[in-house]
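Following: one structure in structure tokens, then a few remarks.
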Amino acid sequence: MLKNLIITLAAALTAATAAAQAAAQAPADWANFGRFEKENAALADHPKVVLMGNSITEGWIAKRPDFFTENGYASRAISGQTTSQMLVRFRADVVELHPQVAVICGGTNDLAQNTGYISLEHILDNIQSMAELARANGIRPVLCSVLPAGDFPWRPGLEPAQKIVRLNAMIRAYAEREGIPYVDYHTPMAAADGSMIAEYTYDGVHPTEAGYRVMERILPPVVERALSDK
């Protein structure tokens, strides 16, 4: 009897220790809801357009804030995020802001395996789910290509160039099938080998101001078409 009790207590202690270790290792806010919580609560008006994205979009508003202000764009981009994380916070950071248009640009960090391996099909699933969430709430989605990259400095050797081409083809096909506007940043920014043209990037992944100026010529006409689509 005593032996069984000791075994039971030992098993319970082991389980409790494992649970405590797992909790300690788990990130406190995996999707980073806290990043925009105060900003969202403080909004006096609904933004016309919200951009959901990663460091490429976050760097854009940091380098070119006037572009966002002049066009009525709000950024809800978080550096390093994958489409899985974007999808988790999409309701809090996009739907509940009630914009007219949601511009969705993600996939780079998925291909870099920032949160582990994910197939191209499941990346598309996440993007499709965000588009469906937007539409279900009266928001017009706009889908963007992944920018070209020949390598990821923080995770070298993954050879993403052709994976990006394939993923973009999948996003475009879905957008065309569903009548969703598609923004092609890749074609004008890609070198012959699938990397980003040197002038447009400072590290092979993130745009320079010259790169952002290319993007600024492409996005607004697509957004305007989405806004006028009743």
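The values are calculated or read from the model by the stated rules, or taken from the named source; none is laboratory data. Here the structure is a predicted model, which is why all the values come from computation and not from measurement. A quick note on method: Cβ atoms are made from the backbone with ideal geometry, for glycine too, and the neighbour counts reach across all protein chains shown. Ligands, DNA and RNA are stripped out before the accessible areas are found, and what is left, the full protein with its side chains, is counted by its heavy atoms. Shrake-Rupley method; radii C 1.70, N 1.55, O 1.52, S 1.80 Å.
Computed extension length for residue 125-residue 210: 27.4 nm, one decimal, from 0.36 nm per residue of separation with the Cα-Cα distance subtracted.
Recomputing P(r) over Cα pairs in 10 Å bins from 0, in percent from the coordinates shown identifies the correct label among (1) 7, 31, 33, 15, 6, 5, 3, 1; (2) 8, 30, 30, 15, 7, 5, 3, 1, 0, 0, 0; (3) 7, 24, 27, 18, 14, 9, 2 as (1). Note on the chain: with a GNM built from Cα contacts shorter than 10 Å, the maximum mean-square fluctuation among 179, 53, 107 falls on 179. Accessible surface of residue 182, taken over heavy atoms with a 1.4 Å probe and every protein chain present, rounds to 40 Å².
Computed extension length for residue 137-residue 198: 18.0 nm, one decimal, from 0.36 nm per residue of separation with the Cα-Cα distance subtracted. For segment 47-183, the calculated P(r) over all alpha carbon pairs, in 5 Å bins from 0 to the bin holding the longest distance, is 2, 11, 21, 24, 21, 13, 6, 1, 0 percent. The three principal axes of the Cα atoms in segment 83-139 give end-to-end lengths of 32, 17, 15 Å, sorted in falling order. For residue 197, the accessible surface of its heavy atoms amounts to roughly 50 Å² (probe 1.4 Å, protein chains only, rounded to the nearest 10).
If the chain linking residue 41 and residue 170 were pulled fully straight, counting 0.36 nm for each residue of separation and taking away their Cα-Cα distance, it would gain 42.9 nm.
Here residue 91 sits with roughly 110 square angstrom of accessible surface, probe radius 1.4 Å. A Förster distance of 45 Å, applied to the separation of the beta-carbon atoms of residue 224 and residue 28, puts the FRET efficiency at 0.70. The count of lysine pairs in the chain with alpha-carbon distances below 30 Å, taking only pairs 8 or more places apart or on different chains, stands at 5. For the chain, modelled as a GNM whose springs connect Cα atoms under 10 angstrom apart, the maximal fluctuation among 170, 52, 130 occurs at 170.
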